[in-house]
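J.: Got a structure here, written out as structure tokens. Questions coming.
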Amino acid sequence: MTGSLVVVGTGPGKAELMTPATQAALARATDLVGYGPYLDRVAAGRPEQRRHASDNRVELDRARLALSLAAAGRQVVVVSGGDPGVFAMAAAVFEAVEAGDPAWRTLDIRVEPGVTAMLAAAAEVGAPLGGDFCAISLSDNLKAWSTIERRLVAAAEADFVIALYNPASKARPRQLGEALELLRTRKKGDTPVLFVRAAGTAEAKVVSTTLAAADASTADMRTLVIVGASTTRQVGRWIYTPRGERGTS
Ligand code: SAH
């Protein structure tokens, strides 16, 4: 039997935000590989389906396990949160393919798109990503903090709306405070800042503030932070960024 590997994302949390294509891939799988809490979001599939739960910080080991299982003829699904290609397992799988057994390059590998946290968070508050935007992960586990600082400065100078993934964790309590300090030197104090926790779930919580008043301790590892562009504004109870920018330079 020929094996396959599909990398999927469960979406931000609630079942309705998992795509039907992802649900179909999960139902067909003989083996699910992923971080335990993401696997817990997946309903039981075929009775003989095996689950290989792992810790959060071992992405490459998990990718190699999934590739070995697919090479052995299993129908493997690797489960990420959100979209699997955004700061998640799809890239880890291709890193493992690049560094691993040359035979892995001929495997049947597919990626299914999912609803990423940034989109779910934006929808909770209105349309803050209505103009040009960028996404930056504040985790310096895999890149230097100086690289992150350089990108924050460039994003501020280009007046992008900035979505900040991985703003904080117990192991990295300082990053968001430093990032906000840096942005305060380049952007106006009244720029809207949104902390959206557990976006796209029943427990979603929004804190809407300004860059001057933003308190980094509002964010944890389930929070997506959106820092507005100069045109991002409030209308009624919503925050949005208009599509047009004629007249701004
Ligand atoms: N692949 C995931 C992102 C993984 S990085 C995706 O596409 O969404 C993990 C970070 O994503 C978290 O630290 C947090 O910043 C963000 N995140 C994931 N799910 C979230 C949710 N439901 N609400 C808010 N932020 C979330």
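J.: Give me the residue from the stretch 166-175 that is open to solvent by 10 Å² or more (accessible area, probe 1.4 Å) and in a loop (DSSP other than H, G, I, E, B) and, out of that set, farthest from the ligand (Cβ to nearest atom).
T.: Arg174
J.: Quickly run through the stretch 205-217 and pick out the residues that are within 16 Å of the ligand (Cβ to nearest atom) and open to solvent by 50 Å² or more (accessible area, probe 1.4 Å).
T.: Lys205, Val206, Ser208, Ser217
J.: Now for a different question. With (1) under 21 Å from Pro242 (Cα atoms); (2) within 16 Å of the ligand (Cβ to nearest atom) as the list, and Gly131 as the residue in question, which single condition is left unmet?
T.: It fails just one condition, (2).
J.: Looking at Val42, is it open to solvent by less than 10 Å² (accessible area, probe 1.4 Å), in contact with a helix residue (DSSP H, G or I) (Cβ under 6 Å, 6 or more places away or on another chain), within 16 Å of the ligand (Cβ to nearest atom) and not charged (D, E, K, R)?
T.: Values: open to solvent by less than 10 Å² (accessible area, probe 1.4 Å): no; in contact with a helix residue (DSSP H, G or I) (Cβ under 6 Å, 6 or more places away or on another chain): yes; within 16 Å of the ligand (Cβ to nearest atom): yes; not charged (D, E, K, R): yes.
Considered against the rule, which asks whether it is open to solvent by less than 10 Å² (accessible area, probe 1.4 Å), in contact with a helix residue (DSSP H, G or I) (Cβ under 6 Å, 6 or more places away or on another chain), within 16 Å of the ligand (Cβ to nearest atom) and not charged (D, E, K, R), Val42 comes out as no.
J.: Sort through Leu67, Leu60 and tell me the only one that's in contact with a helix residue (DSSP H, G or I) (Cβ under 9 Å, 6 or more places away or on another chain) and modelled with pLDDT under 95.
T.: Working: Leu67 fails: modelled with pLDDT under 95.
None of the others qualify; the one that does is Leu60.
J.: Answer yes or no as to whether Asn141 is in contact with a helix residue (DSSP H, G or I) (Cβ under 9 Å, 6 or more places away or on another chain) and within 12 Å of the ligand (Cβ to nearest atom). Break it down into steps so the answer makes sense when it comes.
T.: Values: in contact with a helix residue (DSSP H, G or I) (Cβ under 9 Å, 6 or more places away or on another chain): no; within 12 Å of the ligand (Cβ to nearest atom): yes.
No, not satisfied.
J.: Looking only at strands (runs of 3 or more DSSP E) that fall completely inside the stretch 70-142, which ones have 3 or more residues that are buried (at least 18 other Cβ atoms within 10 Å of the Cβ)? Walk me through it before giving the result.
T.: Values: elements: 75-80, 108-111, 133-137.
Of the strands (runs of 3 or more DSSP E) lying wholly inside the stretch 70-142, those with at least 3 residues that are buried (at least 18 other Cβ atoms within 10 Å of the Cβ) span 75-80, 133-137.
The rows are residues; the columns are (1) surrounded by 14 or more Cβ atoms within 10 Å (Cβ to Cβ); (2) of a type in the set (Ser, Thr, Tyr); (3) within 15 Å of the ligand (Cβ to nearest atom); (4) assigned to a strand (DSSP E or B).
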{"position": "Leu164", "(1), (2), (3), (4)": "yes, no, yes, yes"}
{"position": "Gly177", "(1), (2), (3), (4)": "yes, no, no, no"}
{"position": "Leu182", "(1), (2), (3), (4)": "yes, no, no, no"}
{"position": "Arg186", "(1), (2), (3), (4)": "yes, no, no, no"}
{"position": "Asp190", "(1), (2), (3), (4)": "no, no, no, no"}
{"position": "Leu194", "(1), (2), (3), (4)": "yes, no, yes, yes"}
{"position": "Glu203", "(1), (2), (3), (4)": "no, no, yes, no"}
{"position": "Gln234", "(1), (2), (3), (4)": "no, no, no, yes"}
{"position": "Gly244", "(1), (2), (3), (4)": "no, no, no, no"}
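J.: Of all residues in the stretch 14-35, count the ones that are open to solvent by 30 Å² or more (accessible area, probe 1.4 Å), in contact (Cβ under 8 Å) with a residue 60 or more places away in the chain and either under 21 Å from Arg105 (Cα atoms) or not hydrophobic (A, V, I, L, M, F, W, C) (or both). If you could, list the steps in order and put the result at the bottom.
T.: First, the residues of the stretch 14-35 that are open to solvent by 30 Å² or more (accessible area, probe 1.4 Å): 14-17, 19-21, 23-24, 27-28, 35.
Those left that are additionally in contact (Cβ under 8 Å) with a residue 60 or more places away in the chain: 14, 17, 19, 21.
Retained after the next criterion (residues that are either under 21 Å from Arg105 (Cα atoms) or not hydrophobic (A, V, I, L, M, F, W, C) (or both)): 14, 19.
Number of matching residues: 2.
J.: Tell me which residues, restricted to the stretch 1-40, are part of a strand (DSSP E or B) and in contact with a Ser or Thr (Cβ under 9 Å, 6 or more places away or on another chain). Walk me through it before giving the result.
T.: So in the stretch 1-40, the residues part of a strand (DSSP E or B) come out as 4-9, 11, 31-35.
Matches in the stretch 1-40: Val6, Val7, Val8, Gly9, Gly11, Val33, Gly34, Tyr35.
J.: Identify the single condition in (1) without any contact (Cβ under 8 Å) to a residue 40 or more places away in the chain; (2) under 18 Å from Ala135 (Cα atoms); (3) open to solvent by less than 70 Å² (accessible area, probe 1.4 Å); (4) within 15 Å of the ligand (Cβ to nearest atom) that Val153 does not satisfy, given that it satisfies every other one.
T.: The one condition Val153 does not meet is (4).
J.: Quick one: count up the residues across the stretch 205-229 that are farther than 16 Å from Ala156 by Cα, part of a strand (DSSP E or B) and aliphatic (A, V, I, L, M).
T.: So the count comes out to 3.
J.: Go through the residues of the stretch 115-133 one by one and say whether even a single one is out of contact with any helix residue (DSSP H, G or I) (no Cβ under 9 Å at 6 or more places or on another chain), at pLDDT 95 or above and among the charged types (D, E, K, R).
T.: yes
The values are calculated or read from the model by the stated rules, or taken from the named source; none is laboratory data. Quick caveat, the model's predicted, so the values are computed rather than measured. When we count neighbours, we look across all protein chains shown, and the Cβ atoms used for this are built from the backbone with ideal geometry, even at glycine. Surface areas here come from the heavy atoms of the whole protein model, side chains and all, with no ligands, DNA or RNA. Shrake-Rupley method; radii C 1.70, N 1.55, O 1.52, S 1.80 Å.
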